[in-house]
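Every read-out reported here was derived from the displayed coordinates using simple, explicitly stated rules and does not represent laboratory data. Please read these numbers as outputs of a predicted model, since none were measured by experiment. Using ideal geometry, Cβ is built from the backbone for each residue, glycine included, and neighbour counts are taken over all protein chains shown.
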Amino acid sequence: MSKSYLEYLKFPEGKKFAFTIFDDADLTKVENVKPIYDLLYQLKMFITKSVFVFPCKDKRSPFYDSQTLANNEYLGFIKNINKNGFEIGFHNASPDSSEREVTIKALQRFKEIFGDYPKSFANHGDNKENLYWGKNRFDSGLIRLFMSLKGDGRSFFGDDEKSSYFWGDVFKEHITYCRNFVFKQINLIKINPTIPYHDPARPYVPLWFSSCDGADPLRFNRLLSIRNLDKLEKERGVCIVYTHFGKGFVKNGEINNETRYLLTDLSKREGWFVPVSTLLDHLRARQKNNECTKQERKKMEYTWFFERLFDRIF
């Protein structure tokens with residue numbers, strides 16, 4: 001590991017590595033995530049909890065039961081964890097697609113509640129207002145063609161100025177960070193060293209960040225295996241986990257035993273445990289150039305593609 005690499009990865013208080021989580025709002029209810037946040041607060045591990053602002057209107061949606069800031073109990077819970085040091089991120093206006101006016105109202109409501117616009121964001125599912133989503137995430141013509149042929153070439157319009165779902169200009173004005181590619185490895189610096197990065201081909205997003213795949217309890221526990229945590233610590237790396245704590249991490253009020261064990265082990269290590277935007281601000285301040293090279297971009301795209309192709313085949 002080069003000296004410049006180690007210099008880039010210096011963290012406050014002499015910590016050896018950085019760890020955080022971006023928790024998507026899908027299927028979140030107070031009852032199925034509060035135990036997790038109580039544990040994280042106890043362990044002094046502060047992360048980012050994303051929210052929907054408005055309820056889902058489509059009763060056929062798999063996300064219809066997700067609680068939002070329109071629910072008073074959930075709103076109280078979110079305001080409390082924010083007061084306790086957790087960042088609140090944005091996961092679209094609603095679990096279902098929202099046109100421009102609704103998204104703007106959602107951001108205004110967010111600001112009314114928390115005092116400012118969200119700093120971090122992740123596209124949700126198949127919402128039509130998603131930015132640079134679907135095949136438009138990729139520069140590679142081969143991957144774009146493959147996704148189209150396999151039925152994954154769905155259209156998204158958040159960055160399309162001619163669409164009623166367009167809100168790219170609003171994003172650029174008010175939000176800083178957007179999640180893009182998610183990988184199986186635990187140290188993001190090994191694949192995305194310029195995190196957070198700017199992509200001139202996708203100008204409505206000021207800066208992008210990658211994440212590590214912990215989407216459900218099985219993947220989360222596999223990602224945070226003791227072996228992987230040892231590796232993250234040894235490499236003095238950066239891990240931003242993509243997950244959904246509302247998807248089965250808590251059952252009957254009890255946290256998944258392995259998840260509890262791994263988080264507790266992690267908390268005892270010399271890690272810097274801060275919300276996503278705090279970590280990205282720190283990395284950004286140490287960058288000399290935040291535009292990823294074509295080689296880095298190609299590596300991220302094809303790594304993402306082959307990891308998912310492998311999952312489908314095997």
Note: residue 109 to residue 231 extended length (0.36 nm per residue) minus current alpha-carbon separation gives 39.8 nm
Label model pair residue 268, residue 30: point-to-point distance (7 angstrom along the Cα→beta-carbon line) in nm is 3.4
For semi-axes √(5λ) of the Cα gyration tensor in Å the list reads (i) 27, 25, 19; (ii) 36, 23, 18; (iii) 42, 22, 15; the calculated value is entry (i)
Of all trypsin sites (Lys or Arg not before Pro) in segment 48-84, the ones in DSSP coil with at most 13 other Cβ atoms within 10 Å are 57, 59, 60
Subtracting the Cα-Cα distance of residue 140 and residue 71 from 0.36 nm times their residue separation yields 20.6 nm
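Within the chain, what is the longest stretch that has no GluC sites (Glu not before Pro) placed in a DSSP loop and near at most 16 other beta-carbon atoms within 10 Å?
Values: sites that count: 99, 161, 270.
For GluC sites (Glu not before Pro) (loop position, at most 16 other Cβ atoms within 10 Å), the longest site-free span of the chain is 162-269.
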Full extension between residue 289 and residue 41 adds, at 0.36 nm per residue less the Cα distance, a length in nm of 85.8 nm
Treating only Lys and Arg (+1) and Asp and Glu (-1) as charged, each at its beta carbon, one finds that segment 3-313 has a dipole about its Cα centre, in Debye to the nearest 20, of 760
